[in-house]
Every structure is written in C-alpha cells, then in structure tokens.
1. May I ask you to verify whether A:Ala137 is of a type in the set (Gly, Ala, Ser), more than 30 Å from A:Asn247 (Cβ to Cβ) and surrounded by 22 or more Cβ atoms within 10 Å (Cβ to Cβ)?
2. Hey, which of the strands (runs of 3 or more DSSP E) in region B:201-298, taking only ones fully inside, have at least 1 residues that are crowded, with 24+ Cβ neighbours inside 10 Å?
3. Residues in region B:208-218: is at least one basic (Lys, Arg) and more than 11 Å from every other protein chain (Cβ to nearest Cβ)?
4. For A:Glu60, state whether it is at pLDDT 95 or above and part of a loop (DSSP other than H, G, I, E, B).
5. Of (1) crowded, with 17+ Cβ neighbours inside 10 Å; (2) within 12 Å of chain B (Cβ to nearest Cβ), A:Pro184 satisfies all except one. Which?
6. Determine whether B:Val236 is in contact (Cβ under 8 Å) with a residue 60 or more places away in the chain and more than 10 Å from chain A (Cβ to nearest Cβ).
7. When A:Asp316 is evaluated against the numbered criteria (1) out of contact with any Asp or Glu (no Cβ under 8 Å at 6 or more places or on another chain); (2) charged (D, E, K, R); (3) within 24 Å of A:Val151 (Cβ to Cβ), which criterion, by number, is the only one it fails?
8. Give the residues of region A:212-226 that are in contact with a strand residue (DSSP E or B) (Cβ under 7 Å, 6 or more places away or on another chain) and over 20 Å from A:Gly160 (Cα atoms), sorted by residue number.
There are 2 protein chains.
Amino acid sequence: MRTYHVAIAGATGAVGAELLRLLETREFPLESLRLLASERSAGRSLAFRGRSHRVELLSEDSFRGIDIAFFSAGGSRSRQFAPPAVAAGALVIDNSSAFRMDPAVPLVIPEINAADIRDHRGIIANPNCSTIVLLMAIAPLRNLAPVRRIVASTYQAASGAGAQAMQELLDQTHETLHERPIVPRVFPHPIAFNLFSHNTAIDETGYNEEERKMIFESRKILHDPALRITATCIRVPVVRAHSESVNIEFAPGRRPSVDAIRTALAEFPGVALVDDRQANHFPMPIEASGRDEVLVGRIRPDLSNEDAIDLFLSGDQILKGAALNAIQIAEAWMRMKG
Amino acid sequence: MRTYHVAIAGATGAVGAELLRLLETREFPLESLRLLASERSAGRSLAFRGRSHRVELLSEDSFRGIDIAFFSAGGSRSRQFAPPAVAAGALVIDNSSAFRMDPAVPLVIPEINAADIRDHRGIIANPNCSTIVLLMAIAPLRNLAPVRRIVASTYQAASGAGAQAMQELLDQTHETLHERPIVPRVFPHPIAFNLFSHNTAIDETGYNEEERKMIFESRKILHDPALRITATCIRVPVVRAHSESVNIEFAPGRRPSVDAIRTALAEFPGVALVDDRQANHFPMPIEASGRDEVLVGRIRPDLSNEDAIDLFLSGDQILKGAALNAIQIAEAWMRMKG
C-alpha cells in the first residue's frame with residue numbers, strides 16, 4: 001500500500017487535535033507526519049502513536065516533500081500558505097472558509113459529492129460545520145424526492161469558535177454558579193446559561209456570515225443553485241456538538257412517508273437514526289459528541305404544509321463538522337488515485 | 001378604588017413566587033391575600049408586603065369570599081379545585097393547560113385579545129409560555145399584513161418545568177464541571193451542557209404536547225383557525241427565559257418592509273425591539289430574564305421566500321410567559337368591570 005507524507009497546519013487547535021487522533025485511530029497510511037503552527041504554538045510537542053512530535057513553525061517552506069496538507073489555522077493562514085503548499089506538490093485539504101466558494105475548488109462531503117474531488121487543482125475545501133451536519137440529513141432525502149426549500153435554526157456548540165471558546169464556556173459557567181462576575185473574552189456575550197445570535201458579521205441582507213455559508217455552500221455541494229434555504233444561527237451553551245431544527249419542503253405532491261425517510265436516513269453512511277417517540281429519545285449533543293455519525297430524528301410530516309417535514313439533528317462539530325470530514329476527503333482522494 | 005380578595009393556588013412554586021412579587025410591585029388593589037398549596041408545601045410561610053403569610057392547604061373550601069383566584073398548581077389541581085372556586089363566586093385565572101382549549105373558556109394575552117375576557121363563565125385561561133412569547137411578536141405583524149404560516153423552533157429554559165428543574169440545571173452543571181456523575185431527576189435527560197426535544201408526550205402525528213399547544217392555542221387566541229403553524233420545541237440549558245427562532249410567511253405579495261416591522265414591534269405594548277446589527281446585539285435570555293417585555297430582533301427578509309421574514313425572540317418564561325400575563329388578565333378584567 002502506498003504511504004503518504006502528511007502535514008497539519010494548525011496542529012495545536014481543537015480541530016488539529018482531532019485530526020491527530022483520527023490519523024492514529026483510522027490507521028491512516030502515513031509515511032511521515034509534520035506538525036505546523038504559528039509563532040504562538042510552534043516549539044510545543046504533541047504525542048502521536050506513542051512518540052513525541054515537535055510542532056514546527058508554519059512557513060512557505062514547510063511543504064517540501066509533503067503529499068497531503070491539512071489546513072486548520074484560520075482563513076488568513078490558508079490564503080497565505082496554501083498556494084506555496086500546492087506549488088510544492090501537496091494536496092491541500094482546507095478547513096477554513098478561504099477557498100470554499102472558489103469555482104476552481106471542490107467543496108466536498110465525501111458521502112455526498114466525492115466525485116467532485118477529481119476536479120481539484122491542488123486545493124479541496126472542507127465545508128462549514130453547520131453546513132456539513134445539515135446536508136448529511138438532506139442528501140438521503142434528495143434520493144427520495146426533490147428538496148425545494150429548507151428552513152434551519154441552529155443550536156451551535158462553543159467548539160465552533162475553537163478550543164479557547166470551549167474553555168470559556170466551562171470557566172464562565174463555573175464563575176456564574178459561584179455568583180462571581182464574568183468577563184466575556186472569546187465570545188462577545190456571556191455564553192454561560194445563555195444563547196445568542198451567531199457572532200459573525202451581518203451584511204446588508206440581515207444574514208450573518210454563518211447563515212450565508214449554510215445557504216451558498218449547500219447549493220454548491222448539492223449542485224443545486226436553485227435550492228432555497230433560510231437559516232438562523234444561534235450559539236448555545238453546549239461544548240462540542242451542533243444541533244439543528246430543520247423544516248424541509250419537497251416538490252409539490254412528492255413528500256415521502258416517514259417510514260421511507262427513516263429507512264433512507266438509517267441506510268445513509270455517516271447518519272444514525274435516533275427517533276424513538278415512545279422513549280422520547282431523539283438527537284442530543286451529549287450523545288452526538290465523540291461520534292462519527294450525525295444523529296437524525298424527530299421526523300414528522302409538517303402539519304402546516306403538506307409538502308414539508310420537520311426533523312432535528314445533532315452532529316459532533318469537531319468530528320464530522322471538521323476533522324473527520326477532512327480525513328475522509330483525503331481517504332476518498334487516495335482511493336480515487338488507486 | 002375597589003379592592004379585591006385574592007387567592008393564589010400554588011403559591012410556593014416558581015410562578016407563585018412571581019405572582020406574589022408582581023402583586024406587590026404593581027400595587028395590585030388587594031383587600032386580602034390567601035396563599036394556598038398542596039400537602040407538601042402547606043404550613044410554610046411566605047413574605048408579602050413586609051409581613052409573613054402562612055400557606056394554607058388547598059381545598060374545595062378555600063375560596064369562600066375570594067374575588068380572584070390565580071391557579072398555578074398543575075392541571076389536575078385546576079380541574080379539581082377551579083370549579084368549586086367558580087361556584088364560590090371567584091374569577092379563576094388558570095395557568096395550567098386544563099381549560100385552555102375549552103370553547104367556554106377565554107384564552108387571553110391582554111395586549112392581543114383582552115376583549116375575549118368578557119365571554120368568561122368564571123374561568124379565564126393563561127396560555128402556554130411558548131405560545132405567549134411567540135404571539136407577542138406575531139400580533140403586531142398581523143396589524144401590517146395577514147400572516148399565513150409560522151415555522152417556529154424553540155430554545156426553552158428549565159423554568160418551564162418548575163423551580164425544581166431550574167435547580168436541577170444548576171446542580172447538574174456543577175456536578176458536570178467537577179466531572180462527577182449526574183442522575184437526571186426532573187428531566188428525563190441530562191440538561192447540563194445539553195439540549196433535547198421537549199419532554200412531553202408525542203402523539204401519532206409526531207408532534208409533542210408543547211408543540212400542539214403552540215399550534216392550537218395560537219389559532220384560538222388570534223381567532224384564526226386557518227393559521228398554519230409548525231413548531232419544534234427544544235429544551236436548552238438556560239435558567240428562565242424562552243427564545244424562539246421564527247419564520248413568518250405573509251399573504252402573497254404582502255410582506256411588510258423591515259422598517260415597518262421594526263416600528264410595529266417597537267410600538268406594541270409588551271415588546272422591546274433589540275435589533276442592532278452593527279453591535280451584533282439581539283434578543284438573549286440573560287437580558288430577557290426579569291424583564292416584562294418580550295425582546296424581538298434579528299428581523300430580516302427571508303432569502304428563500306419572497307413573502308416571508310425571519311426573526312428571533314426571547315421572553316421571560318415565568319413573567320410574560322406565566323405570572324405577569326395572569327396578573328395582566330386580572331387587571332384587564334378589573335378595568336372592564338370599571
């Protein structure tokens with residue numbers, strides 16, 4: 001079996017840690033591993049397969065001899081260092097938003113559009129976490145009937161804003177329980193026992209950046225530029241799994257039965273059906289955390305629209321929402337190369 | 001000014017505590033106050049206007065001489081004790097779901113349908129908390145254009161399940177932060193750093209009881225039996241204010257402008273507009289907690305439907321969602337009597 005020289009840019013972040021763990025547990029065919037980070041974190045050491053690996057400073061010269069470079073160090077570092085990585089011959093799998101809407105860059109969820117990988121010119125983009133977990137529930141339904149419109153409301157975990165944000169949730173909660181004043185540092189508003197509209201910039205349409213990603217990335221991944229989506233993105237005091245309440249409208253007269261939807265979801269790779277009405281057991285972030293699958297349930301015909309259904313889902317934001325999907329892109333690419 | 005003999009059945013609960021506080025702060029024209037509770041809590045004393053009041057055992061004989069009886073002791077106690085209270089001549093304002101859908105019982109949000117109070121036959125029902133906060137945002141919009149369909153996803157606080165549930169959220173969170181095992185007692189699932197589908201029974205349609213309340217109570221309050229609503233009700237780790245993400249579809253071609261909507265909301269009594277895109281400041285439960293007004297914002301035209309808008313709201317579940325609305329019903333009734 002062929003083995004690969006792999007680099008991780010952003011190895012010390014929350015997604016970097018999961019990338020390392022997945023390379024280990026999935027027995028990724030590694031020839032070598034290079035860990036990269038910016039000034040703040042370079043010089044640290046991380047454990048991998050029982051050995052200590054030193055984190056090197058990310059630079060334009062970091063990618064000589066590298067076959068696959070995972071980027072998870074923010075959009076500006078991707079814009080700066082992905083082109084030299086490609087020039088050095090690496091395949092870049094980028095977790096930032098820098099290249100996602102570039103027509104020359106495939107935007108891939110392997111269970112849905114792995115074939116798009118073939119069109120890459122050196123960079124493959126990993127979609128936004130909220131988009132990935134949404135589409136893992138939408139794609140199986142599109143195999144049953146055309147999907148016309150989606151109304152999504154998110155319940156997004158702190159992890160989406162990084163390791164420091166997860167820590168802020170825990171620290172702030174501790175202070176709040178002890179009735180001590182809190183000072184928000186990572187998030188603009190208190191996150192302990194609170195929730196707020198996603199802290200990204202709002203444009204003239206009134207949508208924030210996270211919501212625009214869900215709309216435009218979904219259309220690109222599904223190859224459906226006419227797909228109508230509205231989303232309201234909300235941050236909640238949950239550590240690391242995103243949930244979404246989703247209303248899905250099918251083409252007129254084409255709504256599938258609940259049984260057909262359950263079967264399609266249960267059979268779709270990467271989805272786990274959690275839909276037990278008797279036990280009141282449906283997708284929950286604490287059960288989605290640490291799992292590869294996106295949990296989907298609360299499936300029911302919409303009483304307000306004869307063409308629509310409602311459902312609820314939870315998916316690990318760091319796994320399928322980021323690190324796992326990136327690793328799966330690399331695995332699909334390796335399979336295509338044969 | 002006329003004064004009234006008032007009783008509170010369920011005086012020791014979370015809503016009872018707010019009823020007491022509101023009777024005090026709003027200078028309710030009290031002639032006397034009788035505090036009632038079941039065996040578990042009878043005999044305790046509660047402070048009111050600087051004096052200690054003993055809580056008596058709720059019985060069929062509790063209501064002699066009472067003019068207004070607030071009930072907040074659960075549906076079964078309302079069903080048992082409201083009829084004898086009415087027979088004794090009291091006006092019952094019932095916070096439970098026992099009589100809400102009874103055609104002979106007005107279901108009232110005073111800012112919206114105070115006139116329905118006139119039709120009472122001894123009982124006036126206080127709507128479900130999620131319904132009240134939703135309709136406080138919907139009613140002003142119906143003054144601008146007909147509302148055809150509502151898609152709501154809720155972010156409901158622990159308070160909706162009572163004082164013990166609020167305490168469970170705090171205690172469980174404390175245990176979780178200290179990495180100690182937790183045992184859910186009030187809620188069926190862990191609530192610390194988690195969220196889950198509302199813990200009420202699900203019927204054959206797939207909707208739970210809370211969602212059905214939002215649908216059917218809204219139609220009754222708005223006198224609009226054709227109003228189409230779907231709702232997904234989710235419990236979140238927030239102490240006492242409910243939030244909702246709401247998509248609202250108007251009659252074809254009738255969508256009002258964002259400015260018209262903002263003005264209508266800002267001018268509506270009981271609503272506060274919180275909609276600052278520059279500062280990323282929108283309704284949040286920690287800011288809604290303790291406030292009489294329902295906070296509404298994130299108002300924007302829906303990019304997926306030219307007749308629809310999206311918005312987000314937060315309202316104190318114990319205040320406008322329960323105790324405040326009940327007191328307002330009594331105040332409106334007193335004004336009508338002149």
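The values are calculated or read from the model by the stated rules, or taken from the named source; none is laboratory data. These figures come from a predicted structure and were not determined experimentally. Don't worry about glycine lacking a Cβ; one is built from the backbone with ideal geometry, like all the others, and counts go over all protein chains shown.
1. no
2. Qualifying strands (runs of 3 or more DSSP E): B:228-232, B:241-250.
3. yes
4. yes
5. Failing condition for A:Pro184: (1).
6. no
7. (1)
8. Answer for region A:212-226, where residues must be in contact with a strand residue (DSSP E or B) (Cβ under 7 Å, 6 or more places away or on another chain) and over 20 Å from A:Gly160 (Cα atoms): A:Lys220, A:Ile221.
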